[in-house]
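Novice: Take a look at this one; I'll ask things after.
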Amino acid sequence: MACSRTYRTKAIVLDKTKLKETDLILTLVDQSGRQVRAVAKGARKPGSRLAARCELCCEVDLLLAHGRSLDIVSQAELVAAPLGSQPSYELLMSASAVAEVARHCTYEDAEDPFVFAITRAVLAQLASLDAPHLDLIVAAYVFKLLSHIGYLPDCSSCVACEDEAPTYFSAHAGGLLCASCASSVPGSEALEPGEPAWLASLISMRFDELAATPIDPYTAARLLGFSHVWAATHLDCRLRALEFLLGR
């Protein structure tokens with residue numbers, strides 16, 4: 001029996017690219033964790049309902065048709081809009097960073113339901129947070145997702161000599177270093193008191209627990225910076241949305 005030309009799936013919109021005069025190419029992560037690229041024909045026409053239902057980070061129920069290179073959006077129903085109808089500038093920047101990292105951690109030929117689940121969970125948290133906690137939750141998302149795909153930082157001791165009081169962070173070394181070992185690793189960054197524990201918490205604590213934990217803006221920004229270095233190093237790519245978020 002021939003396979004059906006159409007299929008239905010739930011997905012989160014990670015990116016949109018203009019195509020021709022009225023179309024959009026949507027980059028999505030579907031509920032199986034697979035990256036899907038699909039054409040939304042006529043989405044940029046005035047009054048198009050399709051565009052409103054496929055905004056960045058929205059969760060949509062899609063009917064897709066298989067195409068030669070890209071799938072075609074036949075129908076789209078909005079399931080959730082975690083950013084709301086008028087997201088703040090800070091919220092939109094944070095959500096863009098989440099979507100960018102998710103895009104680099106998903107593939108068209110590989111399924112991983114965890115990616116969809118954790119991305120949906122973090123987006124549901126963002127709208128209720130202040131600026132320091134936005135940075136904290138984005139940093140936690142980056143470390144959690146990269147740990148899941150195989151890049152787990154060692155935050156318990158020095159990765160080189162197992163000293164139990166590490167005071168430096170190095171993405172190239174794979175986690176934390178003591179002062180002696182850090183002297184021979186280029187790019188190692190000194191940690192301030194409390195930051196080793198924060199780095200471990202980003203991986204071990206749930207998003208709602210982190211959102212309820214007090215943190216100052218300076219520490220949150222530093223943790224976000226560590227997550228950016230970790231992701232850029234191990235994904236081997238430039239993460240422009242995270243760079244923009246750090247430089248705001």
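The values are calculated or read from the model by the stated rules, or taken from the named source; none is laboratory data. These numbers were taken from a predicted model, which means no experiment stands behind them. Reconstructed Cβ throughout: ideal geometry from the backbone, glycine too, with neighbour counts over all protein chains shown. Just the protein is used for accessible areas: all its heavy atoms, side chains included, with ligands, DNA and RNA removed. Shrake-Rupley method; radii C 1.70, N 1.55, O 1.52, S 1.80 Å.
Novice: Out of LEU191, LEU152, which single residue is surrounded by fewer than 16 Cβ atoms within 10 Å (Cβ to Cβ), within 28 Å of the chain's Cα centre (by Cα) and not small (Gly, Ala, Ser)?
Specialist: Exactly one of LEU191, LEU152 is surrounded by fewer than 16 Cβ atoms within 10 Å (Cβ to Cβ), within 28 Å of the chain's Cα centre (by Cα) and not small (Gly, Ala, Ser), namely LEU152.
Residues are listed down the side, and each one gets a yes or a no for (1) aliphatic (A, V, I, L, M); (2) within 21 Å of PRO113 (Cα to Cα); (3) touching a helix residue (DSSP H, G or I) at 6+ places or on another chain (Cβ under 9 Å):
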site	(1), (2), (3)
THR9	no, yes, no
ILE12	yes, yes, yes
THR17	no, no, no
ILE25	yes, no, no
LEU28	yes, yes, no
GLY42	no, no, yes
SER48	no, no, no
TYR89	no, no, no
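Novice: Hey, does segment 69-92 have a residue that's under 14 Å from ARG49 (Cα atoms) and open to solvent by less than 40 Å² (accessible area, probe 1.4 Å)?
Specialist: Looking for residues that are under 14 Å from ARG49 (Cα atoms) and open to solvent by less than 40 Å² (accessible area, probe 1.4 Å), one finds at least one in segment 69-92, hence yes.
Novice: In segment 194-218, how many residues are farther than 21 Å from ARG120 by Cβ, of a type outside the set (A, V, I, L, M, F, W, C) and surrounded by fewer than 17 Cβ atoms within 10 Å (Cβ to Cβ)?
Specialist: Of the residues in that region, 6 qualify.
Novice: Condition first: open to solvent by 20 Å² or more (accessible area, probe 1.4 Å), outside any loop (DSSP other than H, G, I, E, B), touching a helix residue (DSSP H, G or I) at 6+ places or on another chain (Cβ under 7 Å) and farther than 24 Å from CYS158 by Cα. Can you find one or more residues in segment 221-237 that meet it?
Specialist: no
Novice: Hey, can you tell me all the residues within segment 136-149 that are under 20 Å from LEU191 (Cα atoms) and more than 12 Å from the chain's Cα centre (by Cα)?
Specialist: Scanning segment 136-149 gives a single hit, LEU136.
Novice: I've got another one for you. Restricting the search to segment 167-181, which residues are open to solvent by less than 40 Å² (accessible area, probe 1.4 Å) and in contact with a Leu (Cβ under 9 Å, 6 or more places away or on another chain)?
Specialist: Selection gives PHE169, SER170, GLY174, GLY175, LEU176.
Per-residue answers, yes or no, for (1) on the phi > 0 side of the Ramachandran plot; (2) touching a Cys at 6+ places or on another chain (Cβ under 6 Å); (3) open to solvent by 10 Å² or more (accessible area, probe 1.4 Å):
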| residue | (1), (2), (3) |
| --- | --- |
| ASP112 | no, no, yes |
| HIS133 | no, no, yes |
| LEU146 | no, no, no |
| ALA160 | no, yes, yes |
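Novice: Under 8 Å by Cβ, and 6 or more places apart or on different chains, what pairs join a residue from segment 52-79 that is more than 24 Å from LEU91 (Cβ to Cβ) and in contact (Cβ under 8 Å) with a residue 12 or more places away in the chain with one that is open to solvent by less than 20 Å² (accessible area, probe 1.4 Å) and part of a loop (DSSP other than H, G, I, E, B)?
Specialist: Going by the 8 Å Cβ cut-off, the qualifying pairs are VAL73/ALA43; VAL73/CYS54.
Novice: Name the single residue, out of those in segment 127-181 being of a type in the set (S, T, N, Q) and assigned to a loop (DSSP other than H, G, I, E, B), that is nearest to PRO113 (Cα to Cα).
Specialist: SER128
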